[in-house]
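Presented below is the structure to which this report refers.
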Amino acid sequence: MIRLTLLFLFTLSAHADIGAVPTLETKQDVRNIRFISEDGKTTYFQRRSGDLILSANFASHVLLEGGQYTEYNIQSFQKNAKIIIQQFLQRHLHNNSRQEANIYISDFGSQKLTNVGQGILPRLSLDGQWVLFYKPFTQTIWIQSLVSQGISHKIKMSNPINPYYWPDFFMRSPEEVVYTDLNKEGKVALLKANLLNKKTDIIYNSKKVFTKLELCTSSQTLYWGEFPLQNLDQGSVIWQMPLSSFDDSKKEEIYSSPNADLGQILCDFDSEKLYFIGLDQEPDTQRLLQVLKEVDLKTKKASSDMRLKHLSQIIQMAGKIIAPLNGRFYVMKGRNDFSKDQLE
């Protein structure tokens, strides 16, 4: 009885401010929803059968059929102008983190889908004219034009030691791709590859071992962070660099911490702020907790939202920053009256 009581008290203490954060409430079971528009009137959700459904204007349409154990991930681009759908067939039977998904692109709210290939980590670049994705079994970044059919490129990773290393990447121009890679010593680097002359230049070469680089681009700026994966005393740092003058000498440090922050940088939710998951001390106990951190891009000052603790993921969707925790979805930033919207 004493042990159970102590466990109960610890649980309450760990999430003492959880009631201060509104939860995402929808007519659909929130666990089945894959994407919702900011006004709440267009919803993509998944059925147990493995079908992906588009619901809008009081009507529902089957977009994809996948069978049991199929899983869908959806990302939006250009403020919901386009979406990318990843369809992982029989995801829970494969139990393989390198499983490749069927990748589809669509205008938001449209029933028309375009299959662009198989891979993971898909993203659109240059106003949706190009799609990039990663093929983990061949360790290759694929780049395909969505405007000129048949134009495509490949970038083979140099990483010789870790088959489960996932690069980050984006297209800076039709001729140049910026990406991360790993060398034989386990150190990460930020590179730019010229697709025409096949030349690759190093922008940043880490001096640390077992860290990860995260990239996030706004309209004019690249933000990238380096976070430790194993040696937790290495600390964390985030830089910014203008996309127009892309050079290591132009990078500016906007955040640093001696702690091993988790990352997951969001740079396009608020033009004046940067969000990510970081570590901060709880005032009462001095314990280090994973919380939502924000950096003011003008003052370069960081602050922590201590209402939710032990965060492991943040999602930007429907004009909100949402944090999944213990089977519920908490609205950390953005409108919190979502349950009043007319969701289908």
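The values are calculated or read from the model by the stated rules, or taken from the named source; none is laboratory data. What you see is a predicted model; the values in this text were computed from it and never measured. Here Cβ is always computed from backbone atoms with ideal geometry, including for glycine, and neighbour counts include all displayed protein chains.
Taking the stretch 134-171, which residues are without any contact (Cβ under 8 Å) to a residue 24 or more places away in the chain, under 21 Å from D201 (Cβ atoms) and either in a loop (DSSP other than H, G, I, E, B) or touching a helix residue (DSSP H, G or I) at 6+ places or on another chain (Cβ under 8 Å) (or both)?
Y165
In the stretch 42-63, what count of residues is obtained for those that are under 17 Å from A318 (Cβ atoms) and aromatic (F, W, Y)?
2
Of the residues L213, L266, L195, which single one is at pLDDT 95 or above and farther than 24 Å from S158 by Cβ?
Matching residue, one of L213, L266, L195: L266.
Is it true that some residue in the stretch 267-275 is buried (at least 20 other Cβ atoms within 10 Å of the Cβ), aliphatic (A, V, I, L, M) and in contact (Cβ under 8 Å) with a residue 12 or more places away in the chain?
For the stretch 267-275, residues buried (at least 20 other Cβ atoms within 10 Å of the Cβ), aliphatic (A, V, I, L, M) and in contact (Cβ under 8 Å) with a residue 12 or more places away in the chain: present.
Among the residues of the stretch 180-213, which ones are closer than 16 Å to S257 by Cα and assigned to a strand (DSSP E or B)?
T211, K212, L213
Can you spot a residue in the stretch 221-231 that is under 23 Å from W166 (Cα atoms), assigned to a strand (DSSP E or B), in contact (Cβ under 8 Å) with a residue 24 or more places away in the chain and touching a Cys at 6+ places or on another chain (Cβ under 7 Å)?
Within the stretch 221-231, one or more residues are under 23 Å from W166 (Cα atoms), assigned to a strand (DSSP E or B), in contact (Cβ under 8 Å) with a residue 24 or more places away in the chain and touching a Cys at 6+ places or on another chain (Cβ under 7 Å).
Is it the case that some residue within the stretch 18-25 is over 30 Å from H310 (Cα atoms), in a strand (DSSP E or B) and touching a strand residue (DSSP E or B) at 6+ places or on another chain (Cβ under 9 Å)?
No, because not a single residue in the stretch 18-25 is over 30 Å from H310 (Cα atoms), in a strand (DSSP E or B) and touching a strand residue (DSSP E or B) at 6+ places or on another chain (Cβ under 9 Å).
Given the criteria under 30 Å from L191 (Cα atoms) and touching a strand residue (DSSP E or B) at 6+ places or on another chain (Cβ under 6 Å), does R98 qualify?
No.
Taking the stretch 255-299 only, how many residues are of a type in the set (V, I, T), assigned to a strand (DSSP E or B) and farther than 12 Å from E226 by Cα?
Count: 3.
Which count do you get for residues in the stretch 105-133 that are over 21 Å from V177 (Cβ atoms) and in a strand (DSSP E or B)?
Going through the stretch 105-133 one residue at a time, the tally reaches 4.
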